[in-house]
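First the structure, in the form of structure tokens, and then the observations on it.
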Amino acid sequence: MRASRVAFAAAVLAAAPALAAVVLNGVAEGHGTAINPVSRIYQCFLEGPESPDSAACQAAVATGGTQPVYDWNEINQANAGGNHKAIIPDGRLCSGGRDKYAGFDLPRADWVASPISAGSFTFRFRATAPHLGTFELYMTKQGWNPAAPLKWSDLDSVPFARVTDPPLINGSYVFNTTIPSGRTGRHLIYTIWQRTPGISTEAFYACSDVTFGGVQPTTSPSVSPSASPTSSPTSSPTASPTPTATGQYPAWAAGVAYTAGTRVTYNGVTYQCRQAHTSLPGWEPPYVAALWLPV
């Protein structure tokens, strides 16, 4: 990951609250996307819209240009009203059925994937404009072919997680869930964020590629600008522990230029840097497997 691209992502995200109010293609505001596990569009944004690193993001930009990547928080349907299957055809799930985002529907087996495993998982959804609503998370079935267009029938018929009005923490909705068992290899988590009926019929969509038992590809971590928590939690995410030094290695700290191979400690655990970067708040070692490996 190049330092310039990290700086670019941090600068743009710092301005996200102001950008959210801009009218884009008839949509009043952009509202968000999944950042853990990272969605396709957010991964491409972090790589840099003008010159992304991964082949899949390069193909997405070649298909739709850079503007969709800059508008990463806008994959939505204004009048969904819960009728997602009726308004989004097979093969168009990742774009939310919108031509503008067609590059993220590309059937490829090389989208950057987040490593996960069955069991407890903390989901994060970066929100540039908070709203009341319900999150539903669907997993692809075992045997899904990532090189074929994604169809509704490729997903489990019921979500493995459904949470209404989770807490907003540091600019992201955060809640604990359980990743289902019985999966191996590459899969996809499909997120639907439906705003509360009676308030709005709008819904947002995100495709996050994941891999069970695989090695983490090179990715960029998600940035979470500081914000005051709001809403009453429906679950209790674990707060970030205070970094402390343990043994011979220094404590992790924000604002430090780390080189590959450097070791630090965080909450009593030793981590080794996987790729050079300058650390930022929200990039603590337990939350960015792309950058830190526990040893």
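So Pro89 fits all but one of (1) in a loop (DSSP other than H, G, I, E, B); (2) under 18 Å from the mean Cα position of the chain (by Cα); (3) surrounded by fewer than 17 Cβ atoms within 10 Å (Cβ to Cβ); what number is the exception?
So Pro89 meets the others, but not (2).
I'd like to know if the range 115-127 contains one or more residues that are part of a loop (DSSP other than H, G, I, E, B), in the same structural domain as Ile35 (by TED's automatic domain parsing) and more than 26 Å from Cys57 (Cβ to Cβ).
Yes, the conditions are met somewhere in the range 115-127.
Take Pro115 and decide whether it is farther than 27 Å from Pro180 by Cα and not small (Gly, Ala, Ser).
So Pro115 fails the test.
Counting only residues that are farther than 15 Å from Val158 by Cβ and surrounded by fewer than 19 Cβ atoms within 10 Å (Cβ to Cβ), how many does the range 177-210 have?
9
With at pLDDT 95 or above and touching a Gly at 6+ places or on another chain (Cβ under 7 Å) as the only criterion, which of Asn76, Asn83 stands out?
When all the criteria are applied, what remains is Asn76.
Taking only pairs six or more apart or across chains, which ones have beta-carbon atoms under 6 Å, a first residue in the range 249-264 that is free of Cβ contacts under 8 Å to residues at least 12 places away in the same chain, and a second residue that is of a type in the set (S, T, N, Q)?
Correct list of pairs: empty, since none qualify.
The values are calculated or read from the model by the stated rules, or taken from the named source; none is laboratory data. Here the structure is a predicted model, which is why all the values come from computation and not from measurement. Glycine also receives a Cβ, built like all others from the backbone with ideal geometry; neighbour counts cover every protein chain displayed.
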